[in-house]
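Scroll down for the structure; my scribbles are underneath it.
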Amino acid sequence: MRADYLSYQRATGVSFLGMAIQAIVAGALVVYAALAGDHSAMTVGLFATVGILAWLALGIVFDQARRERIENIELETLGRDAAASSVFENSGDDFKVAARRLRAMYRIFFPIMSVLIGGALILIGWWSYNKGWALRNNFEPPAMRGWGIGVEIGAGVAMFLLARYAGGMARQPVWANLRAGGAMAAGVSLMCIALVAAHITDIVGPDGPLRYLRFILPIVLIVLGVEVFLNFLLEVYRPRKAGDIPNPAFNSRLLGFFAAPEAVAKSINEAINYQLGYDVSSTWLYRLLSRAVLPLVLGGALLMWGLSCFTVVLPYQRAMVLRFGRPVMNDVGPGLLVKWPWPIDQVVIPVEILRNEKGEPIGTAETTTGLREISLATQASTGIGSILWTNDHAREEVYQLVRPSGSGPGSQSNAIGAAQDLSVLSLEIPLVYSISNVELFEEFGAPSVRDELLRATAQREIIRYMATLGVDDILGPARINMNRDLTERIEAAFAQLNPGPDGKGRGPGIQIIRLGVAGVHPPKKVANDFEAVVGAEQNRQAKIDKARADAIKTLTDVVGSVDLSDQIIASFDALDRLRTDGAGAKAINEKEFEIQKLLDKAGGAAAGFIAEAKADRWKRHMGERARSERYAGQLASFLAAPEIFKASLYFDALKVVMADSRVYITSDKIPDLRVTTQLFDRQSGTNVFSEIKQDDIPN
């Protein structure tokens, strides 16, 4: 086709028409996705919005080419450089303003738009992938599914027709760049068709396609964006011939295959011929296969559809068969299962969410017979060695609110109106369960929310139960009954879940295998205080034990045995009560006699003291009795001879007084009696009046 201004004018109109159609489709997809919360549809809508830039760039360039052709016609009419009819020739450039602008658009405008489109595709793909990954565990089908299917079918058909129309025009060299817009339209059409197929599959079967499209579509956008940049680099280094029309870098070869499928077949034929070295596509066998390719494909698809009648249930699985969404076989054991083909019958096997050590989901597995575990509080530590209160734990702590120390169920602080404080403890409470009813377990909830529902229900009962216990109870005697009480409470709460048609709970279809408190510890910053309390209790007990040992030793030393000392003390207490109550003398005497008998039986220091006291009493008694008898004898002697008794006493007294005295006997009749006395110390034998020499004094 001749490259005249009418050709470019038609291409300009098609470009702006494609931009308008794609803008309407993009607006419809974005509005629906925003209202319905359809993440995948929003990704397709944003991709269609980027395609508007491609159509706009093509329209602007084609319009400038139209102006260049008109300018060239005017120059021909004026007779100036009639031979210079190409925009790429240098003669007559002073009069070719439109031609210079067109060359600038090919060199600058197309690359700039290509970079913008490629960058937008990568950014949208990256944003969409991150958002889809953040919602991977919270998948919900769109709310307006009917509207979504209608909008996506309409958008897919419109974009397919636009892509085919643009691809047909692009067969002409003058309109070759329309293939870039057709590729964008074909990409939107393919994504809309994929969304419709995913919605239909979700309605009649599993939600896998609709779930995974949230990740597949963003990856496709990123790949298309990378392709644009690769095309840009290749276009920079591609050798050019005179008269070639530059190809925009945003012309996707990948999407171009779908915009012009006949070109794909032609390319495949040429590739096969080139690889084998001769014209294979002209042989009878290749032509026969080419004519029968559709029946072969349909036959293969029919065979694959027929194979969906057979399903193998593995040994560690139990399945449920749904017919048009309603269960017809509730518990199918391992083995070969024959059913109606998809989508009439569907086999459902409960899915288990596999998690790593931190509790993060890492994959799924279809299993039924295994044990599943949920951590209802602090997750168990994976470290090696002793786990102490003062150590850092490997997992995030989840604290439970409990009553403070000394405020257990039987304490006075439970009285109405009493002030209540709160304490926190970290508990490790694993819940291990197995599936007992596949139908109830599947009806209970989606695989991504089952464990969360069970965890939330169990944690509610744990919070209620822990609020009735104190710190001392949980760390001490209540640990014996906690597992049993928690199991009963949580089983009762699970039984109220999954209501049936009558509104009564049927349970989640599980059986609790093990549930209990595996570990308890206070927060790390108060662990030392707990240890101080324990140490004080141990010191207190040690002192009590020491006091008891001292008491036993003292009582044994004093009485001889602890039992006898207890009897003696009890008897003294009874005697005190008798005296306080005013009992009779007889009762008091009997109790005293009883105590006396016990004291006589006692050994040890008390027995020695009593024996010594008895000996002293007897000695004093006999001494006083001897004095009494002596006095009686003296009195009889006095009465018999008073003068003699007195003289005897007098001389006895003188004898005692003068035992060690010098006695001088003189006569009172001799008047001037002189007595010469030698005052010698008879016992020392030394003259006290002799002269003492200096040498006699000791040094």
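Consider Val226 carefully, then state whether it is surrounded by fewer than 23 Cβ atoms within 10 Å (Cβ to Cβ), part of a helix (DSSP H, G or I) and over 44 Å from the mean Cα position of the chain (by Cα).
So Val226 does not fit the description; no.
With the structure loaded, tell me whether Leu555 is farther than 30 Å from Glu452 by Cβ, surrounded by 11 or more Cβ atoms within 10 Å (Cβ to Cβ) and either modelled with pLDDT of 75 or more or not assigned by TED's automatic domain parsing to the domain that holds Ser423 (or both) or whether it fails that test.
yes
May I ask you to list the residues in the range 452-467 that are closer than 12 Å to Asp485 by Cα, without any contact (Cβ under 8 Å) to a residue 60 or more places away in the chain and not charged (D, E, K, R)?
Answer for the range 452-467, where residues must be closer than 12 Å to Asp485 by Cα, without any contact (Cβ under 8 Å) to a residue 60 or more places away in the chain and not charged (D, E, K, R): just Tyr465.
Could you look through the range 487-525, keep only residues that are more than 18 Å from Ser375 (Cβ to Cβ) and hydrophobic (A, V, I, L, M, F, W, C), and pick out the one that is surrounded by the fewest Cβ atoms within 10 Å (Cβ to Cβ)?
Looking at the filtered set, the residue picked out is Ala492.
Checking the conditions here, which among Gly370, Gly385, Gly335 is on the phi > 0 side of the Ramachandran plot, at pLDDT below 75 and out of contact with any Leu (no Cβ under 9 Å at 6 or more places or on another chain)? Give the derivation first.
Working: Gly370 fails: on the phi > 0 side of the Ramachandran plot; Gly335 fails: at pLDDT below 75.
Selected residue: Gly385, the only one of Gly370, Gly385, Gly335 that is on the phi > 0 side of the Ramachandran plot, at pLDDT below 75 and out of contact with any Leu (no Cβ under 9 Å at 6 or more places or on another chain).
Across the range 297-326, what is the number of residues that are part of a strand (DSSP E or B) and buried (at least 16 other Cβ atoms within 10 Å of the Cβ)? Even if it seems obvious, please write down each step before you answer.
Pass one, the range 297-326, residues part of a strand (DSSP E or B): 310-313, 319-323, 326.
This time we only want the ones that are buried (at least 16 other Cβ atoms within 10 Å of the Cβ), so: 311, 313, 319-322.
Total meeting the criteria: 6.
Determine which single condition Gly560 fails, assuming it passes every other condition in (1) on the phi < 0 side of the Ramachandran plot; (2) surrounded by 14 or more Cβ atoms within 10 Å (Cβ to Cβ).
Looking at each condition in turn, Gly560 falls short on (1).
Within the range 608-619, identify whether any single residue is among the acidic types (Asp, Glu), modelled with pLDDT of 75 or more and exposed (fewer than 11 other Cβ atoms within 10 Å of the Cβ), and answer yes or no.
Scanning the range 608-619 turns up at least one residue that is among the acidic types (Asp, Glu), modelled with pLDDT of 75 or more and exposed (fewer than 11 other Cβ atoms within 10 Å of the Cβ).
Applying the selection to the range 123-132, what residues are surrounded by 19 or more Cβ atoms within 10 Å (Cβ to Cβ) and not polar (S, T, N, Q)?
Ile124, Gly125, Tyr129, Gly132, listed by residue number.
Give me the pairs, please: first residue somewhere in the range 624-651 and of a type in the set (Lys, Arg), second residue anywhere and modelled with pLDDT under 85, beta-carbon distance under 9 Å, and either six or more positions apart or on two chains.
Lys646/Phe638
Starting from the range 572-601, keep only residues that are closer than 22 Å to Asp557 by Cβ, then list their pairs with residues that are of a type in the set (Ser, Thr, Tyr) and surrounded by 11 or more Cβ atoms within 10 Å (Cβ to Cβ) whose Cβ atoms are within a distance under 6 Å, requiring at least 6 positions of separation or different chains.
Filtered contacts from the range 572-601: Ile595/Ser571.
Between Glu461, Glu452, Glu442, Glu491, which is over 29 Å from Val402 (Cβ atoms), within 26 Å of the chain's Cα centre (by Cα) and charged (D, E, K, R)?
Glu442
Taking Gly187, is it outside any loop (DSSP other than H, G, I, E, B) and within 21 Å of Ile117 (Cα to Cα)?
Answer is yes for this residue.
Please state which one of Arg479, Arg464 is under 23 Å from Glu373 (Cβ atoms), modelled with pLDDT under 75 and either surrounded by fewer than 18 Cβ atoms within 10 Å (Cβ to Cβ) or not assigned by TED's automatic domain parsing to the domain that holds Gln511 (or both).
Arg479
Considering only residues of the range 25-46 that are without any contact (Cβ under 8 Å) to a residue 24 or more places away in the chain and farther than 19 Å from Ile219 by Cβ, which is nearest to the chain's Cα centre (by Cα)?
The qualifying residue nearest to the chain's Cα centre (by Cα) is Ala34.
So is Leu162 surrounded by 15 or more Cβ atoms within 10 Å (Cβ to Cβ), modelled with pLDDT of 90 or more and within 20 Å of Ala26 (Cβ to Cβ) or not?
When the stated conditions are applied, Leu162 does not pass them.
The values are calculated or read from the model by the stated rules, or taken from the named source; none is laboratory data. Predicted model only: the values in this text are computed from it and were never measured. Positions of Cβ are backbone-derived with ideal geometry, glycine not excepted, and every protein chain shown enters the neighbour counts.
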